[in-house]
Amino acid sequence: MKPTLLALAATLLSSAATADTLIDHANGIQVDASGRVQHFTGLLIGDDGKVVRLLRSGEARPKAASVIDEQGRTLLPGLIDSHGHVMELGTDALHLDVVGTRSLAELQQRLRDYAAAHPGTGWILGAGWNQELWPDKKYPTAADLDAIVPDRPVVLERVDGHALVANSAAMKAAGVTPQTPAPAGGQIIDGVFVDNAKGLINRAIPAPTQAEMDQAFAKSQEILLGFGVTSVGSMSTSIDDWNTFRRAGDAGTLKVRLMVYLLGLEPLKTIPRPTPWLYADRLRAQGVKFFADGALGSRGAWLKQPYSDSPGTTGNQLHTDADLRAQEDTAAAHGFQLATHAIGDAANAQVIGTYEWLNGKYGLKRRWRIEHAQVIDCADLPRIGRGHMIASMQPTHQTSDRLMAEKRLGLSRLKCAYAWQSMLKTGAKLAFGTDFPVESPNPFPGLAAAVSRQDIEGQPPGGWFPEERLTFGQALHAYTRGGAYAGFAEEKIGALDPGKWADFVIVDRDVSTASVPELYRTQVLETWVAGKKEWARAGGATAAPERGK
Ligand SMILES: [Zn+2]
């Protein structure tokens, strides 16, 4: 009976050796290191959650313990959002949303519904009203909120974050009376607190509890996975945020991979060095985030020449050269990567100069990141590539900002603004993201904007400064491999190459051939992290039959 025993042994051996999953008959798309689109139809995943190999159509299929037939559905590597605010995304989603209300009555109705759905005595926080969309264009008042919720504090931010409306209970909790004067740079109008006056109310809002932070993080992960985002550059992370990520890791509920950038030098008292990758490559503190200026919309971006629509100002310089250098040098000496917010051309020049100086001290391998790198003096652009810097950019900022940017800067200063193709030509590495929740974390509008320089309505025809368009391969590269490189994670994620994590998404259309309007409307059907399906569209996907096991 020797042959039978041998056969049995062989069967046992082969099943042990093929505890793999084969994703087959997929329309697989990724890019190689130079941004060329690669096609494949099969993905073999080991039971360690890593890619064993990709298979082209016609190639022999290895034996696998489990086979999933994708029936031609499109498969992409998991998308990497290189710049997002993870806790804010979840917090905003759990708060009262009054975006798009067309009248005070509609805001009041949403407040009434939210209070009923969230009973108790706690603060009701929300955001998104814009009285410009209301028939009488009048600010809401404390009394308007009191009429709906008189007995617990309510605070609702305006859509731009520059004003809030508080009810009487919130003002009482904050110790604000009709006699309280508005601070310099602020105004108080019947319960509306503008700019610097907001602090009078905000300082009274209780910090979120651990349970609330855990809930917000869970919500954030659910939103991200639903958009096919499997890894994030977690910007401006506080120690409380970090501890929330750690609790999720310890509980085994950390799904999205987080490359963490701590906010300024303060957190280094707790985390003095970059951490190793934790929780099977799902969490790492690796960088420090700084700000060189503000934003263009509020004229806080620091410009070399005055604003075209406000000749008296060049925006806000947040650090002297010496101060920025000293702070960034401290973080760099602790071993951290640097990520510095720079929107205006003066801020970008300052950051580039600082990084050049740091290169002289630390060499060219530290991958200093410029966050947004939005408006650059064309003369400064080549220095980014020469200094081996990373431009961490957000394609949907271009489509959202276009008309505002033309007013603030005039056309001549926009030649090297949102300049993705020029940036690549300098040799700079490009990493894409959204800056969520400033923009939706959905990466597909970003890909569509990147290849078209047009918004979802197709504006402007032919694209805005169309020479800055990217090819689909370049755009996908910035959203996958580029993001991995920007986070020192190119050995682990960003492509479905053997040995990397099997992080991938199934989408509802062929994004490599879709028209721009179709690309904008791409929907994710499934999101897999480390070879495990972590998210699936409810009812949306026609269930692919599973075989084997
Ligand atoms: Zn940001």
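The values are calculated or read from the model by the stated rules, or taken from the named source; none is laboratory data. Quick caveat, the model's predicted, so the values are computed rather than measured. Here the Cβ is made from the backbone with ideal geometry for all residues, glycine too, and neighbour counts use every protein chain on show. Side chains included, ligands, DNA and RNA excluded: accessible areas come from the protein's heavy atoms. Shrake-Rupley method; radii C 1.70, N 1.55, O 1.52, S 1.80 Å.
Can you give the FRET efficiency to the nearest 0.05 for Asn196 and Ala33, using r as the Cβ-Cβ distance and R₀ = 56 Å? That pair, Asn196 with Ala33, gives E of 0.70. The GluC sites (Glu not before Pro) of segment 14-101 that DSSP puts in a loop, and whose beta carbon has at most 15 other beta carbons within 10 Å, are Glu59.
Charge dipole of segment 309-435 (Cα centre as origin; +1 on each Lys and Arg Cβ, -1 on each Asp and Glu Cβ, all else neutral): 500 debye, rounded to the nearest 20.
Based on the Cβ-Cβ distance from Ala116 to Lys172, what FRET efficiency comes out when R0 is 22 Å, to the nearest 0.05? Using R0 = 22 Å, I get an efficiency of 0.45. For Asn27, the amide hydrogen comes within under 5 Å of the amide hydrogens of Gly72, Arg73, Thr74, Leu75, counting only partners 5 or more places away or on other chains and with H modelled in the peptide plane. Here the simple spin-label model places points 7 Å from the Cα toward Cβ, and for Lys415 and Ser512 these points are separated by 3.7 nm.
I need the shape label for segment 300-343. Rule: rounded when a/c is under 1.5, else prolate if a/b > b/c, else oblate, with a, b, c from the alpha carbon gyration tensor. The shape class here is prolate. Using the Kirkwood radius over Cα pairs, work out the Stokes-Einstein diffusion coefficient for segment 354-505 at 25 °C and 0.890 mPa s, in µm²/s as a whole number. In µm²/s, the coefficient rounds to 153.
Shape class of segment 76-143 from the alpha-carbon gyration tensor: oblate, with a/c at 1.5 or above and b/c at least as large as a/b.
Surface composition of segment 219-336: carbon and sulfur make up 52 percent of the accessible area, probe 1.4 Å. Label point of Trp277 set 7 angstrom out along Cα-Cβ; within segment 515-540, amide nitrogens under 12 Å from it belong to 530. In terms of the mean number of neighbouring beta-carbon atoms within 10 Å, the peptides 46-58, 488-500 order highest first as 488-500, 46-58. Separation of segment 70-106 from segment 219-275 is 17 Å, based on Cα centroids. Where does the Debye-calculated log10 I(q)/I(0) of segment 118-238 sit at q = 0.10, 0.11 Å⁻¹, using only Cα point scatterers of equal weight, no solvent? Taken in order of the listed q values, log10 I(q)/I(0) reads -0.39, -0.46.
Stretching the chain fully between Gln210 and Lys532 yields a gain of 113.1 nm (0.36 nm per residue, less the alpha carbon separation).
Rounded to the nearest 20 debye, the dipole size of segment 119-272 about its Cα centre is 320 debye, using +1 on the Cβ of Lys and Arg and -1 on the Cβ of Asp and Glu. Backbone geometry of segment 341-346 corresponds, through the Karplus equation with coefficients 6.51, -1.76 and 1.60 at θ = phi - 60°, to 3J(HN,Hα) couplings of 5, 9, 10, x, 5, 5 Hz, x marking Gly and Pro. Remark: relative contact order (segment 268-385) = 26 percent; criterion is Cα-Cα distance under 8 angstrom and separation of 6 or more residues. Using modelled backbone amide H atoms (1.01 Å from N, in-plane), which distant-in-sequence or interchain residues come within less than 5 Å of Ser82's amide H? Amide H neighbours of Ser82: Gly233, Phe432, Gly433, Thr434.
Placing pseudo-labels 7 Å out from each Cα toward the beta carbon at Asp321 and Arg386 gives an inter-label distance of 1.5 nm. Summarised as an ellipsoid, segment 429-549 has semi-axes of 27, 20, 12 Å, derived from the eigenvalues of the Cα gyration tensor scaled by 5 and square-rooted, with the largest first.
Rounded to the nearest 5, the antiparallel percentage of DSSP beta bridges internal to segment 212-365 is 10%.
Cα-Cα pairs above 33 Å in the chain: how many percent? Cα-Cα pairs of the chain separated by over 33 Å account for 47 percent. Normalised per residue, the accessible area of the chain is 42 Å², obtained with a 1.4 Å probe and no contribution from ligands, DNA or RNA. Relative contact order of the chain, taken over Cα pairs closer than 8 Å and 6 or more residues apart, is 18 percent. Given Lys289/Lys415; Lys429/Lys533; Lys429/Lys500; Lys269/Lys425; Lys361/Lys429, which pairs have Cα atoms separated by over 29 Å? As for pairs spanning more than 29 Å Cα to Cα, those are Lys429/Lys533; Lys269/Lys425. Taking θ as phi - 60° and the Karplus parameters 6.51, -1.76 and 1.60, the scalar couplings of segment 67-73 work out to 10, 10, 8, 7, 6, x, 5 Hz in sequence order, x denoting glycine and proline. The alpha carbon centroids of segment 379-417 and segment 123-161 are separated by 35 Å.
Measuring max minus min along each principal axis, the C-alpha atoms of segment 20-142 give extents of 69, 34, 27 Å (largest first). What the Cβ-Cβ distance of Thr180 and Glu467 gives, at R0 = 45 Å and to the nearest 0.05, is a FRET efficiency of 0.25. What are the trypsin sites (Lys or Arg not before Pro) within segment 109-146 that DSSP puts in a loop, where the Cβ has at most 12 other Cβ atoms within 10 Å? In loop regions of segment 109-146 (DSSP not H, G, I, E or B), the sparsely surrounded trypsin sites (Lys or Arg not before Pro) are Lys137, Lys138. Dipole size of segment 435-505 about its Cα centre, with +1 on Lys/Arg Cβ and -1 on Asp/Glu Cβ: approximately 180 debye, rounded to the nearest 20.
The listed peptides 345-351, 270-276, ordered by packing as a protection proxy, come out as 345-351, 270-276 (highest mean of other Cβ atoms within 10 Å first). Shape analysis of segment 248-397 based on the Cα gyration tensor places the equivalent ellipsoid semi-axes at 29, 18, 14 Å, largest first.
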